[in-house]
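Undergrad: Following this message is one structure expressed as structure tokens.
The values are calculated or read from the model by the stated rules, or taken from the named source; none is laboratory data. A quick note: this is a predicted structure, and the numbers were derived from the prediction, not measured. Cβ atoms come from the backbone with ideal geometry, glycine included; neighbour counts cover every protein chain shown.
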Amino acid sequence: MPTKRTYGDFGDACRAANALDLVGDRWTLIVMRELILGPKRFTDLQESVRGITAAVLTARLRSLRESGIIDQVVLPDLARTRAYVATEWGRGLESVLRSLGLWYSAGPDPGTSGRMTPDATVLAMRTMAPASSGEVPPIALRLHDGPPPDPPVRDYRVAAIDGSLDVRSGVAPEPAATVTAESTVWGRVLFDDLPLSHAERDGTVRVEGDRSAVLRVVRLYARP
């Protein structure tokens, strides 16, 4: 297989160009999107990075590890499962994904089709979060990609910290409400004006606890 030529090889000293040598291949930023919020196993990545083959995923993970953008870790389970996670430097790519998402949203046709993975939906929540959120009690957000009972559920927590909305992975301690939802539908509730009541009636979103706290979060993302 011929050696891949880089922008640097052609004498381009632009740092953006050299960054593209590291993350500009197809699938690479999508793999990173799925690793920024926490570790995932190879099989998890195969499911969430739609369309990628096992061989290409293996190659992308190898390249990202060699570049210091991701690391391989061992999960604290009985099987000592190996997984991949973004390094501190790799997590900096969230700002790149945020900028790309905002740039696309400002375009002439920002509509999309297909599904959103749980991590993609949460990163979109972080991207589109308002500058000020007021008071928002802790909310547990449990997202799955597709109809139950097969897809695994991923846990996130939502709260206001110093007036800013904080959304991150993990289990919320003593939440005021728990939202269990298909990640794509939850994204539509937040970003596409799908009424929460409609999603609840369809069974794709379930709210337990203080529903008014959940509505407060939904209204934060309402378009003017």
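Undergrad: Identify, please: which residue in the range 184-213 is in contact with a Ser or Thr (Cβ under 7 Å, 6 or more places away or on another chain) and assigned to a helix (DSSP H, G or I) and is, among those, surrounded by the fewest Cβ atoms within 10 Å (Cβ to Cβ)?
TA: Going through the qualifying residues, I end up with Val185.
Undergrad: What about Ile161, is it at negative phi and crowded, with 16+ Cβ neighbours inside 10 Å?
TA: Criteria not met by Ile161.
Undergrad: Here's a check for you: in the range 214-224, which residue that is closer than 23 Å to Ser105 by Cα and not aromatic (Phe, Trp, Tyr) is surrounded by the fewest Cβ atoms within 10 Å (Cβ to Cβ)?
TA: Pro224
Undergrad: Does the range 184-206 contain any residue that is touching a Pro at 6+ places or on another chain (Cβ under 6 Å) and among the small types (Gly, Ala, Ser)?
TA: no
Here's the yes/no breakdown for (1) exposed (fewer than 15 other Cβ atoms within 10 Å of the Cβ); (2) basic (Lys, Arg); (3) on the phi > 0 side of the Ramachandran plot:
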{"residue": "Glu34", "(1), (2), (3)": "no, no, no"}
{"residue": "Lys40", "(1), (2), (3)": "no, yes, no"}
{"residue": "Arg60", "(1), (2), (3)": "no, yes, no"}
{"residue": "Leu75", "(1), (2), (3)": "yes, no, no"}
{"residue": "Val85", "(1), (2), (3)": "no, no, no"}
{"residue": "Trp89", "(1), (2), (3)": "yes, no, no"}
{"residue": "Ser99", "(1), (2), (3)": "yes, no, no"}
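Undergrad: Keeping to the range 60-95, report how many residues are closer than 15 Å to Thr28 by Cα, touching a residue at least 40 places away in the same chain (Cβ under 8 Å) and not in a helix (DSSP H, G or I).
TA: Final tally of qualifying residues: 5.
Undergrad: Within 26 Å of Ser183 (Cα to Cα) and outside the structural domain of Val158 (by TED's automatic domain parsing): does that describe Ala86?
TA: When the stated conditions are applied, Ala86 passes them.
Undergrad: May I pose another question? Could you figure out which of (1) part of a helix (DSSP H, G or I); (2) closer than 29 Å to Asp44 by Cα; (3) of a type in the set (A, V, I, L, M, F, W, C); (4) touching a Leu at 6+ places or on another chain (Cβ under 9 Å) isn't true of Ala181?
TA: Only one criterion is unmet by Ala181, namely (1).
Undergrad: Condition test on Val217, is it in contact (Cβ under 8 Å) with a residue 24 or more places away in the chain and either under 26 Å from Ser48 (Cβ atoms) or in a helix (DSSP H, G or I) (or both)?
TA: yes
Undergrad: Within the group Pro151, Pro130, which residue is in contact with a His (Cβ under 8 Å, 6 or more places away or on another chain) and at pLDDT below 95?
TA: Unique residue meeting the criteria: Pro151.
Undergrad: Are any residues in the range 5-59 farther than 19 Å from Thr87 by Cα, among the aromatic types (Phe, Trp, Tyr) and in a helix (DSSP H, G or I), and if so, which ones?
TA: Phe10
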